[in-house]
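Take a look at the structure below.
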Amino acid sequence: MSCTSLQLVLLEVTQKFNFYNWTKYINTITKVLVFVNNKKISTLLHESFEDEFGVINSNKSQNYRLSIMSEFQSGNLRGIITTDVMARGLDISDISHVINFEMPEYPELYMHRIGRTGRADAKGTAISFFTKREEDFKVDVELLMNQDLLVKDFPAEVEISLKLIGPEKDKQPIKFLMKKPKLDGEGAFHEKSKKNTKVNLGGPSKTKKKTHGSVNRNMLKNQAKKRKNK
């Protein structure tokens, strides 16, 4: 991959599904690999592109994957929607565009993705659909590459989609989607701990009124004497 042969662009969008209207507007792009972060999103996205794009994820059989790759190489499909894990086994040449429908969580994955185009001094373009919620991922990539990425506005003439994908519905920073968020202050864990906190009284016997052993013995002696005197 040559830096001079590969154009890197971040396309700022409000919702990810603006990708659909954008591809209809930019209909000259062919030989595309579209990367998403998980198979659920790949299936959701493919539902809108069944006639133009194939999909390869872990739910698909090996025969199905080979069929999709063959259709793609022969030009019957405009692109393939896939995940990082499944893309490792794809040997496809002459990719004109890599599109990141989602920014990857790790910057190294971004490098692997864009390396699929612009090979052997051929020209290639990597376009990433970028939202404000992915700002941390963008910064991580720029730090790794030691360069700023070009950010372009979404074309004003393209209709804005209101459809949301799963992560966009959660209303939380995207980095928390892969792991359970920590609770601040009085979270459920703390409340449970307080409920279960008890004073250790050392067992049931400790809850009773204490009596000295000598007192108990004297009581028994007195009772025995009374029985004898009767």
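Key figures for this structure:
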quantity	calculated
Accessible surface, 1.4 Å probe, highest first, among residues SER42, SER96	SER96, SER42
In Hz, Karplus ³J(HN,Hα) per residue of region 32-40 (6.51, -1.76, 1.60; θ = phi - 60°; x = Gly, Pro)	10, 10, 9, 9, 10, 8, 7, 5, 4
Virtual paramagnetic centre 7 Å along Cα→Cβ of SER93, amide N under 16 Å, in region 116-139	116-123
Per residue, in Å², the accessible surface of region 109-155 once ligands and nucleic acids are set aside, probe 1.4 Å	53
Full-stretch length increase - MET111, MET145 - with 0.36 nm per residue and alpha-carbon distance subtracted	11.4 nm
Net +/- balance of residues flanking VAL151 in space, Cβ distance below 12 Å, scoring K and R +1, D and E -1	-3
Amide H within-cut-off set for PHE154, under 5 Å, with H built and near neighbours excluded	GLU12
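The values are calculated or read from the model by the stated rules, or taken from the named source; none is laboratory data. This one's a predicted model, so the numbers in the text were calculated from it and none came from an experiment. Don't worry about glycine lacking a Cβ; one is built from the backbone with ideal geometry, like all the others, and counts go over all protein chains shown. Just the protein is used for accessible areas: all its heavy atoms, side chains included, with ligands, DNA and RNA removed. Shrake-Rupley method; radii C 1.70, N 1.55, O 1.52, S 1.80 Å.
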